[in-house]
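Trainee: Take a look at this one; I'll ask things after.
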Amino acid sequence: MFKVVTIAREYGSGGAEVGRRAAEMLGWTLIDKQIIERVAAIGKIDRDWVERADEQCCGLWERVLNSFRHGGPEVFVGGVADTGVDRDALQKFTARVIEEAGKAGNCVIVGRSSQCVLHDEPSALHVLVYAPLPEKLERMKHRHPNERDMLALLRRMDAERMRYASEYFGCNTREPSLYHMCLNSTMGLDACAELIVSAVHDSSLQQRPEKQEMPA
């Protein structure tokens, strides 16, 4: 029986909105930007920096600076005074939040390689939402009206997410075996959400014991 849904998404595919609608239909908790709030609270760090570093790997330069953390003057990482928290630490906090949500259940988790974090969780339904390039570029126009090179932005965002999953979890996010469902959002965001809800409901029916007939 599925009690958790993870939503992996191509940038611009509408996957986050699919997750929101699925959570609403199920009456479950949506866990998306809430992860940022929780991670900031755990690390006692600036929320804006956590949001900027969301789903990004720790760069080599950052790790080199961190190696001198205790041996020199205060350094600055990512534009925030060094507090002993870098992107590697953020990833651990993020994975912890996802694991806690997975144990609690009745939630839809968007992104953050949650399909990798909960890969071995039998009660998790893993979904990938994708879309053709023209569809993604058209959707991105509304989100980034002042962006001059939409294609470069899309490729950069997808590359950062793929690297995040690969470096921290050894996952290839393009590998179909990671997912139970791969949904093309051109069929409609509501249709995608309804398919997810249907899969969750069907899994609960399969867990019910068959009604035994009374002997005549």
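Trainee: Going by what's in this entry, would V108 be described as part of a helix (DSSP H, G or I), over 20 Å from R156 (Cβ atoms), at pLDDT 85 or above and not hydroxyl-bearing (S, T, Y)? Working first, answer last.
Mentor: On the way: part of a helix (DSSP H, G or I): no; over 20 Å from R156 (Cβ atoms): yes; at pLDDT 85 or above: yes; not hydroxyl-bearing (S, T, Y): yes.
Here the answer is no, as V108 does not meet what is asked.
Trainee: List every residue pair whose Cβ atoms sit under 9 Å apart, with the two residues 6 or more apart in sequence or on different chains, where the first one lies in segment 34-58 and is on the phi < 0 side of the Ramachandran plot and at pLDDT below 85 and the second, anywhere, is buried (at least 18 other Cβ atoms within 10 Å of the Cβ) and of a type in the set (K, R).
Mentor: A53/R87; D54/R112; Q56/R87; Q56/R161; C57/R87; C58/R87
Trainee: Moving on to the next point. When both residues are 6+ apart or on different chains and their Cβ atoms are under 9 Å apart, which pairs have a first residue that lies in segment 88-109 and is on the phi > 0 side of the Ramachandran plot, and a second that is among the β-branched types (V, I, T)?
Mentor: Correct list of pairs: G105/V4; N106/V4; N106/T29.
Trainee: Can you tell me which residues in segment 35-49 are of a type outside the set (K, R), part of a helix (DSSP H, G or I) and surrounded by fewer than 22 Cβ atoms within 10 Å (Cβ to Cβ)?
Mentor: Let us first name the residues in segment 35-49 that are of a type outside the set (K, R), namely 35-37, 39-43, 45-46, 48-49.
Narrowing further to those that are part of a helix (DSSP H, G or I): 35-37, 39-43, 48-49.
Those that are of a type outside the set (K, R), part of a helix (DSSP H, G or I) and surrounded by fewer than 22 Cβ atoms within 10 Å (Cβ to Cβ): I36, E37, A40, A41, I42, G43, D48, W49.
Trainee: If I filter segment 14-34 for residues that are in a helix (DSSP H, G or I) and closer than 24 Å to D88 by Cβ, do I get at least one hit?
Mentor: In the first step, residues of segment 14-34 are kept if they are in a helix (DSSP H, G or I); the result is 15-26, 34.
Filter again for closer than 24 Å to D88 by Cβ, leaving 34.
Checked against the condition, which is being in a helix (DSSP H, G or I) and closer than 24 Å to D88 by Cβ, segment 14-34 yields at least one hit.
Trainee: With L151, L178 as the choices, which residue is in contact (Cβ under 8 Å) with a residue 12 or more places away in the chain and in contact with a strand residue (DSSP E or B) (Cβ under 7 Å, 6 or more places away or on another chain)?
Mentor: Numbers: L151 fails: in contact with a strand residue (DSSP E or B) (Cβ under 7 Å, 6 or more places away or on another chain).
Result: L178 is the single residue among L151, L178 that is in contact (Cβ under 8 Å) with a residue 12 or more places away in the chain and in contact with a strand residue (DSSP E or B) (Cβ under 7 Å, 6 or more places away or on another chain).
Trainee: Within the bounds of segment 139-147, is there any residue that is within 24 Å of W28 (Cβ to Cβ), surrounded by 13 or more Cβ atoms within 10 Å (Cβ to Cβ) and either of a type outside the set (A, V, I, L, M, F, W, C) or free of Cβ contacts under 8 Å to residues at least 24 places away in the same chain (or both)? If you could, list the steps in order and put the result at the bottom.
Mentor: Of segment 139-147, the ones within 24 Å of W28 (Cβ to Cβ) are none.
There is no residue in segment 139-147 that is within 24 Å of W28 (Cβ to Cβ), surrounded by 13 or more Cβ atoms within 10 Å (Cβ to Cβ) and either of a type outside the set (A, V, I, L, M, F, W, C) or free of Cβ contacts under 8 Å to residues at least 24 places away in the same chain (or both).
Trainee: Which condition number in (1) surrounded by 12 or more Cβ atoms within 10 Å (Cβ to Cβ); (2) out of contact with any helix residue (DSSP H, G or I) (no Cβ under 8 Å at 6 or more places or on another chain); (3) closer than 13 Å to E10 by Cβ is the one that A191 fails?
Mentor: (3)
Trainee: Only helices (runs of 4 or more DSSP H) wholly contained in segment 115-216 count here; list those with 2 or more residues that are among the acidic types (D, E) and either within 23 Å of K3 (Cα to Cα) or touching a Leu at 6+ places or on another chain (Cβ under 8 Å) (or both). Spell out the reasoning first.
Mentor: Working: elements: 133-143, 150-169, 189-206.
So the answer is 189-206.
The values are calculated or read from the model by the stated rules, or taken from the named source; none is laboratory data. All values reported here derive from a predicted model rather than from experimental measurement. When we count neighbours, we look across all protein chains shown, and the Cβ atoms used for this are built from the backbone with ideal geometry, even at glycine.
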